[in-house]
Amino acid sequence: MAAPGYTDSMKTAVSIPDDLLAAAQKLAQRTRRSRSRVFSDALKEYVARHAPDDVTDAMDRVCAEIGGKPDRFVAAASHRALKRIEW
């Protein structure tokens, strides 16, 4: 079991430009978090933003909460727009 305040994690080495490291250090100090926490939170947010299934699930939940009937015009316009995208 991990010590209080720690999570099961792995240390790793990454190369970060000096200016980004300095900005992260300032953010850590300003928000009173560790630099590791700043990097971990940033990576977590980045991964979440790039996980299309999670984004779709979140949008589905929002749509379910809002409810209402599908708008035929919006559905048709969306269908036309999606047909133009080159996947």
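The values are calculated or read from the model by the stated rules, or taken from the named source; none is laboratory data. No experiment lies behind these values; they were computed from the predicted model shown. For neighbour counting, all protein chains shown are included, and Cβ atoms are generated from backbone atoms with ideal geometry for every residue, glycine included. When the accessible area is computed, the model is the full protein with side chains, heavy atoms only, and any ligands, DNA or RNA have been set aside. Shrake-Rupley method; radii C 1.70, N 1.55, O 1.52, S 1.80 Å.
Other residues with beta-carbon under 15 Å from the beta-carbon of His79 carry, at +1 per Lys or Arg and -1 per Asp or Glu, a net charge of +3. Dipole of region 29-80 computed with +1 at Lys/Arg Cβ and -1 at Asp/Glu Cβ about the Cα centre; of Cys63, Val47, His79, farthest Cα towards the positive end is Val47. What does the charge add up to near Leu27, with Lys and Arg as +1, Asp and Glu as -1, over the other residues with Cβ less than 14 Å from its Cβ? Taking every other residue near Leu27 into account, the sum is +3. Calculate how steeply helix 52-66 sits against the longest principal axis of the alpha-carbon atoms of the chain, using the helix alpha-carbon long axis, and give the answer as 0 to 90 degrees to the nearest 10. Tilt of helix 52-66: around 60 degrees.
By the helix-only formula, in which each DSSP H run with n ≥ 4 contributes -39500 (n - 2.57) and the sum is divided by residues, the chain has a 222 nm mean residue ellipticity of -21000 deg cm²/dmol.
The residues of region 1-79 expose, per residue, 96 Å² of accessible area to a 1.4 Å probe.
For the pair Arg84 and Asp71, label points projected 7 Å from Cα toward Cβ lie 1.8 nm apart.
A compact globular protein would have a Cα radius of gyration near 2.2 N^0.38 Å; the ratio found for the chain is 1.71.
Between the beta carbons of Cys63 and Ser40, assuming R0 = 35 Å, the FRET efficiency works out to 0.70 to the nearest 0.05. For the chain, the longest principal axis of the C-alpha atoms and the axis of helix 35-49 are separated by about 10°.
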